[in-house]
Amino acid sequence: MKEKIIRKIFNGMIYIHILHHASEEAFYGSWMIEELKGHGYNISPGTLYPVLKEMVEQGLLEKEERIVYGKIRKYYKTTKEGDILLNSLRESLKELTNKI
């Protein structure tokens, strides 16, 4: 039971990290994997890319394809809706951390 709760919280924090970084500047998937590693998250491409796809489908991120060194690289950044959600989550987290 404890591990399931930790996993759910972990998954939620990944979404917040993605929104945070996407609001600052566009990023590509392998960069995000390395960034999350720096925060202690060991996430595989098979986990990250479905999350990014879902966030695009939900209108939280927009995807742009760029050619880098002759290959297509997908960059992600927040939409207005993604920025609004991120700000709401920040306020909720501030309130929660102040209470606990």
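When you look at I16, is it touching a residue at least 24 places away in the same chain (Cβ under 8 Å) and not small (G, A, S), yes or no? Yes, satisfied. In the set (1) in contact with a helix residue (DSSP H, G or I) (Cβ under 8 Å, 6 or more places away or on another chain); (2) within 18 Å of N11 (Cα to Cα), the condition left unmet by K63 is number (2).
Restricting to region 34-74, and then to whatever is over 23 Å from N87 (Cα atoms) and of a type in the set (A, V, I, L, M, F, W, C), can you tell me which residue is nearest to the chain's Cα centre (by Cα)? Going through the qualifying residues, I end up with I43.
Candidates Y69, Y76: the one that is of a type in the set (F, W, Y) and over 16 Å from Y15 (Cα atoms) is Y69. Would you please name the residue that is nearest to P50 (Cα to Cα), looking only at residues in region 75-100 that are more than 17 Å from the chain's Cα centre (by Cα) and among the aliphatic types (A, V, I, L, M)? Looking at residues that are more than 17 Å from the chain's Cα centre (by Cα) and among the aliphatic types (A, V, I, L, M), I get L96.
Only the coordinates and a few stated rules stand behind these numbers; no lab work does. Fair warning: this is a prediction, and the values are worked out from it, not measured in the lab. Cβ: placed from backbone, ideal geometry, glycine included. Neighbour counts: every protein chain shown.
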